[in-house]
Amino acid sequence: MITKEYTITSAQGIHARPATTLIRLTKSYKSTISIKKNNKTVRLNSILNILSMAIKGGETISILIEGDDEIIAADALDHFFNEELKAL
Amino acid sequence: MKGIGVSPGIAIGRACVIKNNKAEVTGVLLKDEAEIAAHIHQFDNAVSLSVNEIEATKQNTDIVLHEEDIAILDTQIEFISDPQLRDDVVEKITTDKKNVNDALIATIANMVQLFQEMDDEYIKTRAADIQDIGNRILKHLTKSTPGFTQEFKPGTIIIAEDIAPSDTITMDTRNVAGFATQVGSKTSHTAIIAKAKGIPAVVGCGDNLATIKDNDIVILDGATGLVFINPEHQLIEEYTSKKDTYTSNSDKLKQLKDVRSVTTDGIEIKLLANISSADDLEDVFNNGGEGVGLLRTELLFMDRDSFPTEDEQFEFYKKVALQSKGKPVIVRTIDIGGDKQLPYFGLPAEQNPFLGYRAIRICLDRTDIFITQLKAILRASIFGDLKIMLPMISNIQEVREAKSIITQAKQKLLQANVTFNAAIEVGIMIEIPSAAITADILAKEVDFFSIGTNDLCQYTLAVDRMNAKISHLYDPFNPGVLRLINYVIQQAHQHNIHVAMCGEMASDPLATLLLIGMGLTEFSMSATAIPAIKDILINNDTIKAKDIYNKVMAIDNSDSIIQFLQENTV
């Protein structure tokens, strides 16, 4: 399993649009991918669950990835949180 | 009547009132496993029909979809096919034996309530999306009339309790002049869509809006949030002329906003904005600004009883950094002094406040105040491209001293294990003549210059710019001032550092080509001034600018310089 920490770099945090992009991104991998904030963890396949975490800009979250393709999935998520998110 | 203006512009037209149909709970319970399986299947079927419907909207070439519309539709697909939503509905069907209609209504009601109770404005508004997708799936369960296909007469103003995201997108808005809704906020879909389509909108008007009937004449002002029902003739005339002015201005702005800021011979000119808080940023980007050339920090220190704490300051800078879309933001450190008093910081009245204890002079004396600000800026620097700018520099010792205090601030953060951008750029304002004249020396110590023409002009000419009696002497086109500015730009180029201008002169259309001719490529001004300056530079080339510069530098007095510029630039 791979665990990574990110600071959210978009002003509005993980709102509907980045959540949608994130779900679609994770769907393309076989690994089970979850997001964790404080003590709450949810699968990255439900927009309702992601939004209910109310992740704001500047907050720190962890991403947990487990599965055969976890290394390439982690790479893609790295790119999402470090690059793409700013523009969403 | 007054609501929240969410999409600027004025609409005058006739009302069309839209009512929502509410779904009802039937209370019918399921009898056996076969029925349960059938109802789960019905739900899955309604979900795929709903998704197909949205996909069809995306493919429909009759509707013009913007990137934002597509993003909203994609989000809706995710909401509709959400696994958590399905789990909850299936659970209610299998365990509570509810029929699919009731199970869905109950699930949606729970989720809406959950979102509404969240302590987050943005998430609260998303409750409307959930209600909307619930309605959409329900519609496919009961096979009632799909979609919003009403055709409107030209100049229609839509009046509704709220407008569902799906409706704002599928609605044929070509004839819609405006929206007014009873509920909603700045982040509701009506607001986002209306803004994207440039249709004036007022939301959150309250129950009074229900008094409007079809075909009532309505005026709405999407900037102030005012709504008038069946207004008098005089008011209609007044708003018609307001509307015309607004349209012609915004057309010009819109045309220029996305035009690249380059001269006709391909030289890129950066147009930045001077701002006082994160709230100003929206305006900056709407006017085509490419970043912030001057973030004044005085607002943080004024109108309060004590100095802001490091955390308070951090939040202020962080907000700006996060909302700056990765564009550069130059933060000017404290620029208070005798003329900008703070009630909690007893600065004695001075004979010559502009020549007195102010800005960097206070900071180097009261290093406690300075370090607090620097630490806050450094902490915020990981959230965007922040740079530090020191005002009122008159000699190189001040720069060195300030830089050593910046190093101290960094060390304190390192010791506390706080992350920051260690390579943050540090620049200075060039606004004191001695700094301008020693630009060759100062350029070796800093990452950038920003020319503050207001103070540079008053110090160079020995003219108090607040004194009306001598205001005619306050003149940035004085050959002495122009020579100083030119020298600073040349020295910056020679030493390969950035140079910008953030004073009034940067927004003076008369000076634009002259400054470009001097080699200036970064201008910072109030956001609303950007389009006018852009309009000049994109229609001219640097050869003409160089020619203007050469001729102006040969003229011996400012009256003739101004006359020459008027004849040759505008």
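The values are calculated or read from the model by the stated rules, or taken from the named source; none is laboratory data. Every value quoted in this text rests on a predicted model; they were computed, and no experiment measured them. For neighbour counting, all protein chains shown are included, and Cβ atoms are generated from backbone atoms with ideal geometry for every residue, glycine included. Heavy atoms of the whole protein, side chains included, go into the accessibility calculation; ligands, DNA and RNA do not. Shrake-Rupley method; radii C 1.70, N 1.55, O 1.52, S 1.80 Å.
Could you say which residue among A:55, A:72 is crowded, with 20+ Cβ neighbours inside 10 Å and out of contact with any Cys (no Cβ under 6 Å at 6 or more places or on another chain)? First the steps, then the outcome.
Details: A:72 fails: crowded, with 20+ Cβ neighbours inside 10 Å.
Going through A:55, A:72 in turn, the sole match is A:55.
Quick one: count up the residues across segment B:504-520 that are within 18 Å of residue B:284 (Cα to Cα) and open to solvent by 10 Å² or more (accessible area, probe 1.4 Å).
Residues meeting the conditions: 3.
Would you be able to tell me the number of residues in segment B:82-128 that are open to solvent by 30 Å² or more (accessible area, probe 1.4 Å), in a loop (DSSP other than H, G, I, E, B) and more than 14 Å from chain A (Cβ to nearest Cβ)?
Qualifying residue count for the region: 3.
So residue B:321 passes all but one of these: (1) modelled with pLDDT under 90; (2) within 15 Å of the chain's Cα centre (by Cα). Which condition number does it fail?
Tallying (1) modelled with pLDDT under 90; (2) within 15 Å of the chain's Cα centre (by Cα), residue B:321 fails exactly one: (1).
Go over the candidates B:455, B:447, B:464 one by one and state the one that is farther than 25 Å from residue B:272 by Cβ and touching a residue at least 60 places away in the same chain (Cβ under 8 Å).
Values: B:455 fails: farther than 25 Å from residue B:272 by Cβ; B:447 fails: farther than 25 Å from residue B:272 by Cβ.
Only one candidate qualifies: B:464.
For segment B:376-398, enumerate the residues that are within 14 Å of chain A (Cβ to nearest Cβ) and either open to solvent by 30 Å² or more (accessible area, probe 1.4 Å) or not aliphatic (A, V, I, L, M) (or both). Full working, then the answer.
To start, the set of residues in segment B:376-398 that are within 14 Å of chain A (Cβ to nearest Cβ) comprises B:376, B:379-386.
Answer for segment B:376-398, where residues must be within 14 Å of chain A (Cβ to nearest Cβ) and either open to solvent by 30 Å² or more (accessible area, probe 1.4 Å) or not aliphatic (A, V, I, L, M) (or both): B:379, B:381, B:382, B:383, B:384, B:385.
Residues that are closer than 18 Å to residue B:430 by Cα and within 33 Å of the chain's Cα centre (by Cα), at least 3 per element: which helices (runs of 4 or more DSSP H) completely within segment B:348-415 meet that?
Values: elements: B:360-365, B:367-380, B:396-415.
Helices (runs of 4 or more DSSP H) meeting the threshold: B:360-365, B:396-415.
What do you reckon, is residue B:131 among the polar types (S, T, N, Q), without any contact (Cβ under 8 Å) to a residue 60 or more places away in the chain and more than 10 Å from chain A (Cβ to nearest Cβ)? Before you say what the answer is, go through the steps one by one.
Details: among the polar types (S, T, N, Q): yes; without any contact (Cβ under 8 Å) to a residue 60 or more places away in the chain: yes; more than 10 Å from chain A (Cβ to nearest Cβ): yes.
For residue B:131, the condition - among the polar types (S, T, N, Q), without any contact (Cβ under 8 Å) to a residue 60 or more places away in the chain and more than 10 Å from chain A (Cβ to nearest Cβ) - is met.
State which residue is farthest from residue B:77 (Cα to Cα) when the search covers only segment B:32-43 and only residues that are out of contact with any Lys or Arg (no Cβ under 8 Å at 6 or more places or on another chain) and either surrounded by 13 or more Cβ atoms within 10 Å (Cβ to Cβ) or touching a residue at least 12 places away in the same chain (Cβ under 8 Å) (or both). Please lay out each step first, then the result.
So the first thing to find is which residues in segment B:32-43 are out of contact with any Lys or Arg (no Cβ under 8 Å at 6 or more places or on another chain), and the list is B:32-35, B:37-42.
Restricting the remaining residues to those that are either surrounded by 13 or more Cβ atoms within 10 Å (Cβ to Cβ) or touching a residue at least 12 places away in the same chain (Cβ under 8 Å) (or both) gives B:35, B:37-40, B:42.
On the way: B:35: 27, B:37: 24, B:38: 23, B:39: 21, B:40: 19, B:42: 18 Å.
The selected residue is B:35.
Of the residues that sit in segment A:77-88 and are more than 14 Å from chain B (Cβ to nearest Cβ) and open to solvent by 20 Å² or more (accessible area, probe 1.4 Å), which one is farthest from residue B:67 (Cα to Cα)?
Kept after step one, since they are more than 14 Å from chain B (Cβ to nearest Cβ), are these residues of segment A:77-88: A:77-80.
Filter once more, so that each one left must be open to solvent by 20 Å² or more (accessible area, probe 1.4 Å): A:78-79.
Numbers: A:78: 24, A:79: 21 Å.
Selected residue: A:78.
Away from every other protein chain (no Cβ under 14 Å) and within 23 Å of the chain's Cα centre (by Cα): is that true of residue B:304 in this structure?
Details: away from every other protein chain (no Cβ under 14 Å): yes; within 23 Å of the chain's Cα centre (by Cα): no.
Spelling it out, it is not the case that residue B:304 is away from every other protein chain (no Cβ under 14 Å) and within 23 Å of the chain's Cα centre (by Cα).
How many residues does segment B:50-81 hold that are open to solvent by less than 70 Å² (accessible area, probe 1.4 Å) and part of a helix (DSSP H, G or I)? Full working, then the answer.
Here is the first cut: in segment B:50-81, the residues open to solvent by less than 70 Å² (accessible area, probe 1.4 Å) are B:50-51, B:53-58, B:60, B:63, B:65, B:69-81.
Okay, now just the ones that are also part of a helix (DSSP H, G or I), so B:50-51, B:53-58, B:69-80.
Adding up the residues that qualify gives 20.
Grab the strands (runs of 3 or more DSSP E) fully contained in segment B:214-318, keeping just those with 1 or more residues being open to solvent by less than 80 Å² (accessible area, probe 1.4 Å) and assigned by TED's automatic domain parsing to the domain that holds residue B:376.
Details: elements: B:217-221, B:226-229, B:270-275, B:292-295.
Per the criteria, B:270-275, B:292-295.
Conditions tested, residue by residue: (1) in a strand (DSSP E or B); (2) over 19 Å from residue B:75 (Cβ atoms); (3) hydroxyl-bearing (Ser, Thr, Tyr); (4) more than 11 Å from chain B (Cβ to nearest Cβ).
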residue: A:25; (1), (2), (3), (4): no, no, no, yes
residue: A:36; (1), (2), (3), (4): yes, yes, no, yes
residue: A:42; (1), (2), (3), (4): yes, no, no, no
residue: A:45; (1), (2), (3), (4): no, no, no, no
residue: A:50; (1), (2), (3), (4): no, no, no, no
residue: A:54; (1), (2), (3), (4): no, no, no, no
residue: A:58; (1), (2), (3), (4): no, yes, no, no
residue: A:61; (1), (2), (3), (4): yes, yes, no, yes
